[in-house]
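Working notes for the structure below.
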Amino acid sequence: MEAIIPFFTKGVIHNMENDAKGMNFRRRDFIKVTTLAGMAATLPGSGFAKQDDLRGSFRPSPEGTKRTVLFLTDSPQRYEPLVNKIRAIKDFEFTVSPFQVNLQRAPETVPAAQLKAADIVVMVMPQVTTSSGNVGAAMSGLDIPVILYPVNFDLIMLEADVAAQFRAQGINAMLANSEAHARELIRIASRPRMLEGKRALIFGRPFDSTSVPARTLNEDYVYSRTGVKLQYRPIEELKELLASVDEAAAKKEMERWKKEAVEVVEASDRAILESSRLYFVLRSLLEKEGLDGISIDCLSFSFNNNPTLPYPCLPFTRLRDEGFAVPCEAEVTGMLSSMVFQQISGKPSYFCNVSAVDEPKSTAVLRHCVAPTKLMGPDAQALPYRIRDYHGTGRGATPEVQFPAGLDVSMGGFTKDLREFVLWPGKTISRVRDTDRPSFENATGDMAKMRRYCSNHLEVRMRDVGAFVQKIAGCHHILVAGNYGKAIQEAMLRMNVRLVGPSDFSALQS
């Protein structure tokens, strides 16, 4: 968290504005829905993303390169050339099965066995029709990507409506705007979801982080939306493992931190050594269990006089530099977002608070007590850093990294329901260091030493920061060096996640 004064992030209520024209929606249905919504808002622990709300869940991607495409049309002969071009797409071995059906009149006649056997469905509406029909309702159970191929690319209205019907039910529906685009969408839909098969371990209470709880999520929901297998364990298990660390290895790691630092300001050798022990515990778990990410509910003990564990700031920095997803504070969305950004960029990520924004300057200040020294990439020179204590408490050790100005960056992350992904390009700018500002004015004793801000701070210029604030994903965002708009757009399209951001995802001009 950014400051030692606790704060709470209010939830965001999303309005679903539907055109009720032509909908068969009775008054009794309206009363039932609104009553249930009211109950959901007041019942303890209730939320919209419970484990029984798996709309938009995905069937696991098949292994290998073989894919089955079910091609639905009322005129199979007309689309034989397209079918052959699909079969010829490189990187995959496609079996395309045309099936003749009038989707406007009888979508329910498509055999369930063929849908079950398919990995992708391509749909072509009837040649002559004036209605999108009942396709969305009749095929509401689809758990594979659907690609709508317009009959006429200058008249795509009905296909757009069918795509919207599917999306309203959480089905991954993509609308092609040309034959080449259709082939590209099929290629995207054939890939496994970006995070599919990844595994992460979080130490703390399940989905109940001290600072950023995610009580509307659970393991099944996270897996259905992202493909990530998430596991929780008690923090006490880590404490037990510390005694098994090789003392000589821990001391060597401590000396490395001190040698590579520009200076050590407040942190003691003992604090750096304890953090080095924790690094080896976490690294061992990652390697032995084949994990892609790990996190700890660190704020459950960070401000205690007798913390449960050594401070994880230095271990988290080292592990991120080594390519693992290691968000702070046991944040679930932070874990998943770190995985996305790091896999696409191949670079360590900066997990940070959006501390403040300046609308006239269109900038945001990003803070946290952990930052990667290898922000520029695993093979790049490490950024200079100082080692400080934790928020002026006299305990722990944190890296204070010196970020470069003029660097193109991408930042954002999953929203709380995992149905949207905020993505905003930016450019770092120079900033006067303010991390020594005290937490309390005119304080005395130990309170006078406490620092208001985290050890790391970075200011980023971005497009329309006012719009960013209103679409903000939460307390934390993830930042990586570089611009990855197109790659993230394609990844989210495959994951059936709506991308939220400015109208232009390109890099900012200097």
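FYI, it's all coordinate maths here, none of it is from the lab. On a predicted model such as this, the values are computed, not experimentally measured, just so you know. Reconstructed Cβ throughout: ideal geometry from the backbone, glycine too, with neighbour counts over all protein chains shown.
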**Prompt:** Farthest toward the dipole's positive end in segment 199-500, which of Gln342, Ala330, Met447, given Cβ charges of +1 (Lys, Arg) and -1 (Asp, Glu) about the Cα centre?
**Reply:** Gln342
**Longest to shortest principal axis, alpha-carbon extents of segment 199-500, angstrom** = 47, 44, 37
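Quick one: putting +1 on the C-beta of Lys and Arg, -1 on the C-beta of Asp and Glu, what dipole do you get for segment 163-311 around its Cα centre, in Debye to the nearest 20?
Charge dipole, segment 163-311, about its Cα centre: 560 debye, nearest 20.
Note the per residue figure in Å³ for the convex hull of the C-alpha positions in the chain.
On the way: hull volume 89.7 nm³, N = 510.
Hull volume normalised by residue count: 176 Å³.
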**Sum of -39500 (n - 2.57) over DSSP H runs of 4+, divided by residues of the chain (222 nm, nearest 500)** = -8500 deg cm²/dmol
**Item:** Normalised convex hull volume, segment 393-510, alpha-carbon set, Å³ per residue
**Value:** 141
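Within a Cβ distance under 9 Å of Thr435, other residues only, what is the Lys/Arg minus Asp/Glu net charge?
Details: positive: Arg367, Arg388, Arg433, Arg437, Arg451, Arg452; negative: Glu400, Asp434, Asp436.
Net local charge, Thr435 excluded: +3.
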**Message:** Can you find, among Ala176, Gln165, Met194, the residue sitting farthest towards the positive end of the charge dipole of segment 147-225, where Lys and Arg contribute +1 and Asp and Glu -1 at Cβ?
**Reply:** Met194
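What are the membrane-span-like helices in the chain by this rule: whole DSSP H runs, Cα extent along the axis at least 18 Å, mean Kyte-Doolittle hydropathy at least -1.0? Each step should come with its number before you reach the end.
Numbers: long enough: 27-42 (23 Å, 0.23); 247-260 (20 Å, -1.98); 269-288 (29 Å, 0.04); 332-345 (20 Å, 0.91).
Span-like helices in the chain: 27-42, 269-288, 332-345.
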**Message:** For Lys251, give me every one of the lysines with a C-alpha distance below 20 angstrom, ignoring sequence neighbours fewer than eight places off in its own chain.
**Reply:** Lys239, Lys259
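Roughly how many debye, to the nearest 20, is the charge dipole of segment 199-500 about its Cα centre, given +1 on each Lys and Arg Cβ, -1 on each Asp and Glu Cβ, and no other charges? All intermediate terms of the calculation are to be shown ahead of the outcome.
Values: 40 positive and 38 negative charges, 111 e Å.
The dipole magnitude comes to about 540 debye.
Nearest 20 debye, what's the magnitude of the dipole of the chain about its Cα centre given +1 on Lys and Arg Cβ and -1 on Asp and Glu Cβ?
Details: 63 positive and 59 negative charges, 84 e Å.
Charge dipole of the chain: 400 debye, to the nearest 20.
Below 11 angstrom from the Cβ of Cys298, what's the summed charge of the other residues (Lys, Arg +1; Asp, Glu -1)? Spell out each step's value before the answer.
Numbers: positive: none; negative: Asp297, Glu329, Glu331.
Neighbourhood net charge equals -3.
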**Item:** Positive-end residue, the chain charge dipole about Cα centroid, Cβ charges, pick of Ser284, Pro378, Ala467
**Value:** Ala467
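Taking the Cβ of Asn84 as the centre, find all other residues whose Cβ is under 13 Å away and add up their charges (Lys, Arg: +1; Asp, Glu: -1).
Values: positive: Arg78, Lys85, Arg87, Arg183; negative: Glu80, Glu179.
Local charge sum for Asn84: +2.
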